[in-house]
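What follows is a single structure, written as structure tokens, with notes after it.
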Amino acid sequence: SVVYIENGHVTHREIGDGPSPVVLASKLKTPETLEDHLGYLTRTAEGKVLKSSTMYIRGDDGNVDYILSINYDITGLMAAESALHSLTGSEPLAPRTEPTKITHNVNDLLDSLIEQSVALVGKPVPLMTKDDKVQAIQFLNNAGAFLITKSGDKVSQYFGISKYTLYSYIDQSSSDPS
């Protein structure tokens, strides 16, 4: 969870808020494989777009002791970029990938990960095939969603499957060579 914050007005996060998707995903990796993640986009609940960087601070033993994150609000700069491009560009701006949503607690984080899994598949749950659901569940598993307490219940209910089916999809996706 967040233990120290400066300029919390940028993200509206506070001390005690739950982990970010970057932190959750890092729990699935060994410390020596973690690399700093620089210059990625995130989005606040209010829609502000932030340029974010996350750095892992290691102790003498090589384990990650702290995670330092820096977030810079670029919403105004993106609007200026678009306005300038409309005056100077001859081709439309390339679409950007959707920024990761900043969350304040693990429930919001799980909701955000579920939204991302559905967006990855590209169709609403009622239209998903078994393979689509396996793909979505694999994304959730790789993102660390199942490290969140009671996430299996929520994911099962959301995708309209039993917990037994959920675990079978997790097993299927982890044994899949792709």
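The values are calculated or read from the model by the stated rules, or taken from the named source; none is laboratory data. Owing to the predicted nature of the structure, the values given are computational and were not obtained by experimental measurement. Here the Cβ is made from the backbone with ideal geometry for all residues, glycine too, and neighbour counts use every protein chain on show. Note: areas computed on protein heavy atoms with side chains; ligands, DNA, RNA excluded. Shrake-Rupley method; radii C 1.70, N 1.55, O 1.52, S 1.80 Å.
Structural remarks
- Consider the stretch 44-63 and keep the residues that are buried (at least 17 other Cβ atoms within 10 Å of the Cβ) and not hydroxyl-bearing (Ser, Thr, Tyr). The one that is farthest from His12 (Cα to Cα) is Lys51.
- Qualifying residue in the stretch 80-101 (condition: closer than 19 Å to Ser151 by Cβ and crowded, with 18+ Cβ neighbours inside 10 Å): yes
- Enumeration of residues in the stretch 117-138 that are buried (at least 18 other Cβ atoms within 10 Å of the Cβ) and outside any helix (DSSP H, G or I): Met128
- Taking the criterion of being open to solvent by 30 Å² or more (accessible area, probe 1.4 Å) and under 21 Å from Asn107 (Cα atoms), the residues of the stretch 26-35 that qualify are Lys27, Leu28.
- Figure legend. Inter-residue proximity from the stretch 103-116: first residues crowded, with 20+ Cβ neighbours inside 10 Å, second residues modelled with pLDDT of 85 or more and among the hydroxyl-bearing types (Ser, Thr, Tyr), beta-carbon distance below 9 Å, spacing 6+ or different chains. Indicated pairs: Thr103/Ser112; Leu110/Ser151; Leu113/Ser151; Ile114/Tyr158.
- Checked against the criteria, Leu38 counts as at pLDDT 80 or above, loosely packed, with under 14 Cβ neighbours inside 10 Å and either within 19 Å of the chain's Cα centre (by Cα) or aromatic (Phe, Trp, Tyr) (or both).
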